């Protein structure tokens with residue numbers, strides 16, 4: 001810290017703080033996140049010019065640990081106060097390190113309503129606003145999140161944990177499809193194994209420090225959704241639906257599950273609400289009149305958005321280029337979501 005800053009009333013940074021500041025630029029291989037972002041710092045001490053830096057080894061294989069050790073020493077070499085730097089790793093579980101402010105479950109009473117798309121869009125919107133975001137794809141038998149973002153890299157890690165795969169915009173993704181030999185391999189599992197996998201994605205993935213973890217639930221109210229509601233400290237639920245005759249019954253089922261599990265419904269989203277005709281700009285309601293306001297009353301929560309059938313958006317999803325999408329409706333959706341968020345913090 002400069003003398004001017006000191007005279008201005010701010011306390012000079014300690015050597016330990018200077019070390020941490022420098023190490024913000026060291027990104028963990030395969031995760032593209034900093035040591036601080038993944039909560040890997042355990043202890044930094046300096047005595048007589050000798051720095052001792054202890055990092056957690058969670059989800060880091062020996063090759064990653066060696067690379068980080070060398071990079072930390074190289075990064076700290078320019079500090080004149082230091083004569084030597086030692087880097088050690090200590091055991092830790094991802095669940096001991098993860099610090100997540102808000103966990104949002106996105107659910108629907110039936111399949112085919114665009115639930116995964118809405119989970120991806122809210123994650124994208126939050127990331128664009130500077131938030132650190134992760135998406136946990138809990139739809140084990142029908143995962144689509146990796147395809148939407150165009151990622152197919154296998155997660156890194158070790159026997160102590162798994163590193164999620166970052167998208168181009170830095171959204172952390174964990175999905176069963178990233179672990180399969182081929183993305184179109186069928187996952188033919190019974191409920192207990194699906195539940196165990198979801199629990200592993202929560203407890204054994206090194207999410208680090210996140211502002212939001214978006215959980216894409218499978219459709220319905222069966223084992224997988226129950227596991228998420230019971231295991232994760234859910235901040236709130238978003239319910240997605242389309243304007244069809246059976247929508248009220250379907251939304252009520254989702255709302256009733258959330259209430260029985262004491263999870264607040266933050267809002268509802270109507271997808272495929274209408275088609276905007278390209279020449280006239282008129283709206284054609286292909287699946288019937290909007291039920292958005294009515295379903296908001298059923299849920300006792302705000303209508304966050306009415307998304308149209310959008311050929312551009314569908315094309316970007318097919319190409320794995322969702323992060324190129326932008327629209328006024330998406331921006332309004334994000335603002336409505338943030339206004340609906342409670343202020344409480346969870347870990």
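Between the entries [x] 5, 24, 33, 27, 10, 1; [y] 6, 28, 37, 24, 5, 0; [z] 5, 23, 29, 21, 12, 7, 2, 0, the label attached to P(r) over Cα pairs in 10 Å bins from 0, in percent calculated for this structure is [z]. When DSSP beta bridges are limited to those with both residues in the range 107-216, what percentage is antiparallel, rounded to the nearest 5? In the range 107-216, DSSP labels about 35 percent of beta bridges as antiparallel.
Gyration tensor analysis over the Cα atoms of the range 237-309 returns equivalent ellipsoid semi-axes of 26, 11, 8 Å (largest first, whole Å). GNM on the chain, alpha-carbon springs under 10 angstrom: the most fluctuating residue among 305, 153, 294 is 294. Note on the chain: with a GNM built from Cα contacts shorter than 10 Å, the maximum mean-square fluctuation among 75, 235, 160 falls on 75. To the nearest ten degrees, helix 191-203 and the longest principal axis of the Cα atoms of the chain are 40 degrees apart.
Descending by average beta-carbon neighbour count within 10 Å, the peptides 265-276, 34-45 line up as 265-276, 34-45, the highest first. Helix 115-128 and the longest principal axis of the C-alpha atoms of the chain enclose an angle of approximately 40°. Shown here: the range 3-92, whose C-alpha atoms stretch 45, 25, 21 Å along the first, second and third principal axes, sorted largest to smallest. Please compute, over every Cα-Cα pair in the range 181-267, the percentage with a separation greater than 23 angstrom. Roughly 33 percent, once rounded to a whole number.
Highest-first packing order for the peptide set 127-133, 312-318 is 127-133, 312-318, based on the mean count of other beta carbon atoms within 10 Å. Axis angle, to the nearest 10 degrees, between helix 247-260 and the longest C-alpha principal axis of the chain: 40 degrees.
Quote the relative contact order of the range 66-165 in percent (integer), defining contacts as alpha-carbon pairs under 8 Å separated by 6+ residues. Rounded, it is 18 percent for the range 66-165. Both numbers refer to the Cα atoms of the range 124-170; Rg and Dmax are 11.9, 34 Å. In square nanometres and to one decimal, what's the mean projected area of the convex hull around the Cα atoms of the range 95-182? Answer in nm², one decimal: 6.6.
Estimated from helices alone, the mean residue ellipticity of the chain at 222 nm is -9500 deg cm²/dmol (sum of -39500 (n - 2.57) over DSSP H runs with n ≥ 4, per residue). For the chain, modelled as a GNM whose springs connect Cα atoms under 10 angstrom apart, the maximal fluctuation among 136, 206, 277 occurs at 277.
Taken together, the values in this text are just the output of simple stated rules run on the coordinates, not laboratory data. Note that the coordinates shown come from a computational prediction; the quantities given were computed from them, not determined experimentally. Using ideal geometry, Cβ is built from the backbone for each residue, glycine included, and neighbour counts are taken over all protein chains shown.
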